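No lab work stands behind these numbers, since they all come straight from the coordinates. A quick note: this is a predicted structure, and the numbers were derived from the prediction, not measured. Reconstructed Cβ throughout: ideal geometry from the backbone, glycine too, with neighbour counts over all protein chains shown.
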Ligand SMILES: Cc1cc2nc3c(=O)[nH]c(=O)nc-3n(C[C@H](O)[C@H](O)[C@H](O)COP(=O)(O)O)c2cc1C
């Protein structure tokens, strides 16, 4: 499979994953978009209904995306993509280190290659999935969190 990095990485449909932080939690996400809306640079992250991360996003207005260099941190991405912050401290379980975000009130994952800090501008829930039933057989739909990029490094 082609490996991506930085912006290309987040723009790809398939990749090995990035870390999304909200409040004190961290979750792996591999689908995401970077683009421009409302004359602002935005990151869109699709988060399913069942995620603890969704619960946190709905109570907060900020998130970060930490993108590891291509092919690195795969063990940590696996742990953060299978354990829930509801019952696991994933920072400890995945042996990753928090670094305070520069602008928003959460963390980023230390040692990544590219970072976005975002303030949520809108949330768009999926209401149906025409021809996408294989992804939504349990009804666990995605919600598109659209965040304005307030810091990138
Ligand atoms: C490689 C990989 C990519 C993932 N991408 C997403 C994603 O884009 N959106 C999503 O809602 N869940 C995605 N997941 C699943 C969540 O990371 C997983 O359900 C996680 O345990 C949720 O954590 P939370 O309950 O602490 O939010 C992915 C998992 C893996 C392993």
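Tabulated results
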read-out	value
Whole-percent pair-distance distribution, where bins are 10 Å wide, for the alpha carbons of the range 28-96	16, 47, 30, 6
Separation of the residue 148 and residue 103 label points, Cα + 7 Å toward Cβ, nm	0.9
CD proxy at 222 nm, helix term only [per DSSP H run n ≥ 4: -39500 (n - 2.57); per residue of the chain; nearest 500]	-4000 deg cm²/dmol
Cα Rg, Dmax (largest Cα-Cα span) when computed across the chain, Å	14.5, 41
Listed peptides 73-83, 28-38 by packing density, highest first (mean Cβ within 10 Å)	73-83, 28-38
Contour excess over end-to-end distance, with Cα ends at residue 59 and residue 38 and 0.36 nm allotted per residue	5.2 nm
